[in-house]
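Below you'll find the structure, written out as structure tokens, and then a few comments.
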Amino acid sequence: MTKRLFDCPKCNKLPDESFAQFEYYNDWFTTYPEENSIHIHFGDPTEDEEGNIQEVTFIKNYLFNIFKKYPQKKFFIFTDLTTMDNSELVPSESIKIYSEIFSHDQVGSVVMYGGTKDLNEIVFAINDLARSEVSVAKDYHEANQVFQKWQSLN
Ligand SMILES: [Zn+2]
């Protein structure tokens, strides 16, 4: 496994084996089934369309396997964009796949945090297409407040 680029108060306590990884861009994924949450920690920005589509497809497969494993659960998805910059290239094909993912019945809510202004614009484009609630937060702390609220309502 490659070295973690992210800093997450919750995931920092977990050993490397608890994560799935898309190594090419150093993205890390883990699931907390006991509290119905999934953490996606992006690593390096993707600067080519083909790589970005592969990355989104990996994320889709990871999430859909989790949904299959816990068919009765809905999940809150933390998406950490902190290490990304504006060189991230998100082609329309990827936006389509993201909106497919976030329209899945088992996605309760998605919060993307730590993104630049440009990345947040992409998030809003996904939100327009997705059936789930997709929102933006400044940092993990703020994302976690959205999660606490979601948990109290579900
Ligand atoms: Zn985390």
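Rule-based calculations on the coordinates, nothing more; no lab input. Keep in mind that this is a model prediction, so the values were computed, not measured. Note that each Cβ is placed from the backbone with ideal geometry, even for glycine, and that neighbours are counted across all protein chains shown.
So how do F76, F64 line up by other beta-carbon neighbours within 10 Å, fewest first?
Numbers: F76 23, F64 14.
Ranking F76, F64 by Cβ neighbours within 10 Å, fewest first, gives F64, F76.
For D44, D7, D128, which order do you get if you count the other beta carbons within 10 Å of each Cβ and list the fewest first? It would help to have the intermediate numbers written out before the result.
Details: D44 17, D7 12, D128 9.
Sorted ascending by nearby Cβ count, the order is D128, D7, D44.
Provide the net charge surrounding N26, with neighbours chosen by a C-beta distance below 13 Å and charges set as Lys +1, Arg +1, Asp -1, Glu -1. All intermediate terms of the calculation are to be shown ahead of the outcome.
On the way: positive: K3, R4; negative: D16, E23, D27, D44, E55, D80.
Overall, the nearby charge balance is -4.
Can you grab the distance from the C-alpha centre of region 1-19 to the C-alpha centre of region 130-154, Å, no decimals?
Here the two parts' Cα centres lie 21 Å apart.
What's the FRET efficiency of R131 with Q151 using the Cβ-Cβ distance as r and R₀ = 25 Å, to the nearest 0.05? If you can, show how the numbers build up before the last one.
On the way: r = 20 Å, r/R0 = 0.81.
About 0.80, to the nearest 0.05.
For M84, M112, what's the fewest-to-most ordering of other Cβ within 10 Å of each Cβ?
Numbers: M84 19, M112 24.
Ranking M84, M112 by Cβ neighbours within 10 Å, fewest first, gives M84, M112.
Looking at region 1-145, send over the antiparallel percent of its DSSP beta bridges, to the nearest 5.
On the way: 8 of 24 bridges.
If we restrict to bridges inside region 1-145, about 35 percent are antiparallel.
Using the 2.2 N^0.38 Å rule of thumb for compact globular proteins, work out how the chain stacks up: its C-alpha Rg over that value, please. Intermediate values should be presented prior to the final figure.
On the way: Rg = 14.2 Å, N = 154, 2.2 N^0.38 = 14.9 Å.
Taking N as the residue count of the chain, the ratio is 0.95.
Which value at 222 nm does the chain reach when only helices count, each DSSP H run of 4 or more adding -39,500 (n - 2.57), with the total divided by all residues and rounded to the nearest 500 deg cm²/dmol? Please report the intermediate quantities before stating the final value.
Values: 4 runs with 59 residues, N = 154.
Result for the chain: -12500 deg cm²/dmol, rounded to the nearest 500.
Under a point spin-label approximation (7 Å from Cα along Cα-to-Cβ), what is the N61-T2 distance to one decimal in nm?
Here the answer is 1.7 nm between the modelled labels.
If R₀ is 25 angstrom, what is the calculated FRET efficiency for the pair A20 and F124, using the beta carbon separation as r and rounding to 0.05?
Values: r = 27 Å, r/R0 = 1.09.
The computed FRET efficiency comes out at 0.35.
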